[in-house]
């Protein structure tokens, strides 16, 4: 099976020697996705990781989705006004202020709560994100370090993630101790996105081949010189100096008829690729937020701030995951209490304020006042289309 044992002392064995997304075929992806749904995660996760790094659109959408949550401020919320609740809040506040986070694979990566939230948001793409937690407690002060483990090191055949000794291990993995592991669950958008990626690459590849074959005109030269003479070689060199991929040198009386294989109408490749990209934007961000929006528009689907619904849900999911899997452990270690009387909560922007601002802008525009699109884009954190986005 060519399995590799995973341990902190064999980091070099964690390298992946090939790109699973290269020359990806439908049957290979279908098999990997079926295995993922059946609890064997490795093949699909490797494909997902490769696509997330290499596809410009999916990479950008995933980063926007993650950063929109990791940049949020947080607060510690008391459940009541009792002294115990205030004591719980104080311990949790100190805990999250001193939290440390790192990566099992990338030893250069270190951070705090913002990095932890960003890593937890990987579950939006991969369906799961897993951290090992190491707690320490001194005089009621609880501290912890979180280490993100690669998802391909787990299996889910029982309906609960279990860690493997080596990738592609056939036997079931070891059960995770809930007090030592943080498991974040998300939408798993890469299952659908990987299919879109695959079928976008086919027309994109064909389009590139078409451009390569038909984008440069051929060069034909005629000369009275006899083949092999210096004059003939000079004509050949002159043709080559033009840099054309297709060229020919002919003696008098010889002719070549060109076969034009270029398409006379509009090529279908662009429409297919743009349709796929728009679908991916809607899937990840709740609307077409790419630069392909219609001319003179600012983003799209801004009505009712559709994308904020996704942001609200992501923030709530992260908060609730920390409340259930971290806050309880911290309070248990500090006080021995089973239920915390305080909890962490990510603070969302004031969307109602933004709605009011947008209504004012719409009314002013209706009166004939032209707004500055770049300033509006900055105000609402939306990209804009058209030439104005390049004039900054």
Item to check | Among 26-32, 331-337, 357-363, the order from most to least packed when residues are scored by Cβ within 10 Å on average | outcome: 331-337, 26-32, 357-363
Next on the checklist: Quick check: Cα centre of the range 179-193 to Cα centre of the range 99-128, how many Å?
Outcome noted: 12 Å
Next on the checklist: Largest first, please: the extent of the C-alpha atoms of the range 29-120 along each principal axis, to the nearest Å.
Outcome noted: 56, 28, 25
Checklist entry - Packing-wise, with mean Cβ within 10 Å as the measure, how do 184-195, 269-280 rank, highest first? => result 184-195, 269-280
Next on the checklist: Given R₀ = 22 Å, what would the calculated FRET efficiency be for residue 283 paired with residue 308, taking r from the Cβ atoms and rounding to 0.05?
Outcome noted: 0.85
Checklist entry - Could you give the length gained on full extension between residue 376 and residue 339, defined as 0.36 nm per residue of separation minus the Cα-Cα distance, in nm? => result 8.8 nm
Checklist outcome for this item: Shape call for the range 85-131, from the Cα gyration tensor axes a ≥ b ≥ c (a/c under 1.5 means rounded, otherwise prolate when a/b beats b/c, else oblate), comes out oblate
Next on the checklist: At R0 = 41 Å, how high is the FRET efficiency between residue 233 and residue 211 if r is their beta carbon distance? Nearest 0.05 is fine.
Outcome noted: 0.80
Next on the checklist: Starting from the 7 Å offset along Cα-to-Cβ, what nm value, one decimal, do you get for the label separation of residue 105 and residue 366?
Outcome noted: 5.1 nm
Checklist entry - Percent relative contact order of the range 50-175, based on C-alpha pairs within less than 8 angstrom and at least six residues apart? => result 18 percent
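Coordinate-derived values only; no laboratory data. Bear in mind the structure is a predicted one, so any value in this text is a computation, not a measurement. In this analysis, Cβ positions are derived from the backbone assuming ideal geometry, glycine residues included, and neighbour counts consider all displayed protein chains.
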